[in-house]
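> Shown below is the structure under consideration.
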């Protein structure tokens, strides 16, 4: 039984990663037989993994139809952003004293990776490098349960990056916010750091959607 539970946890992580990196689009149906073949898994384990992902808010179950990747609900995304505000301000405050020069260089590298994705990458690249930038900061918070919760809450909105970045201008604004965050860390200014994090979340495209923005999804 222990082996089966461990396999289930790994399968959940693998399917979640595939959704987050864009292998499965918002609204796409997840056929169990396809998942069995793709992940070399048994049907029971696939069903258990999908049930867990539904509980996490990454997929939704439709009675007599099956499971599909969650589609972004703007109201829910905004509620998640409000929760992120509370969590990430605290995580930032905790993390700053533990970010030295070596840690700062990794954060800067993550910042540049996102800027490159904004200029040249796919929406999946942009979502993944954005998440990596934030993770590189908040992982230094001594309360590891807090940093993990930040990731879990943020990932609830990641299957639908169009909700966070309705236009390329929103992506560019997000990249500019990252620059401000890094500058505050480098200055060791906790007030500026918290203000930059707060502004970054408040000015998300989901809170101020661009009129007539074109979706990247056909």
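> Share of Cα-Cα pairs in the stretch 2-69 beyond 20 Å, in percent?
Tail fraction, whole percent: 17.
> For a quick protection proxy, order the peptides 67-77, 49-59 by their average other-Cβ count within 10 Å, most packed first.
49-59, 67-77
> While we're here: From the square roots a ≥ b ≥ c of the eigenvalues of the alpha-carbon gyration tensor of the stretch 74-202, which class results: rounded (a/c under 1.5), prolate (a/b over b/c), or oblate?
oblate
> What is the chain by shape, rounded, prolate or oblate, if you read a ≥ b ≥ c off the alpha carbon gyration tensor as root eigenvalues and call it rounded for a/c under 1.5, prolate for a/b larger than b/c, and oblate otherwise?
prolate
> If you don't mind, there's one more thing I want to ask. Put a dot 7 Å past each Cα toward the Cβ at residue 61 and residue 83; how far apart are the dots in nm?
With each label point 7 Å from Cα toward Cβ, the separation is 1.9 nm.
> What's the angle, to the nearest 10 degrees (0 to 90), between helix 168-187's Cα axis and the longest principal axis of the chain?
For 168-187 against the chain, the angle is about 50 degrees.
> Assuming 0.36 nm per residue, please report the length gained on full extension of the stretch residue 176 to residue 51 beyond their Cα-Cα distance.
Answer, rounded to one decimal: 41.2 nm.
Every number in this text was worked out from the coordinates using simple rules, so none of it is lab data. This one's a predicted model, so the numbers in the text were calculated from it and none came from an experiment. Glycine gets a Cβ as well: all are built from the backbone with ideal geometry, and neighbour counts include every protein chain shown.
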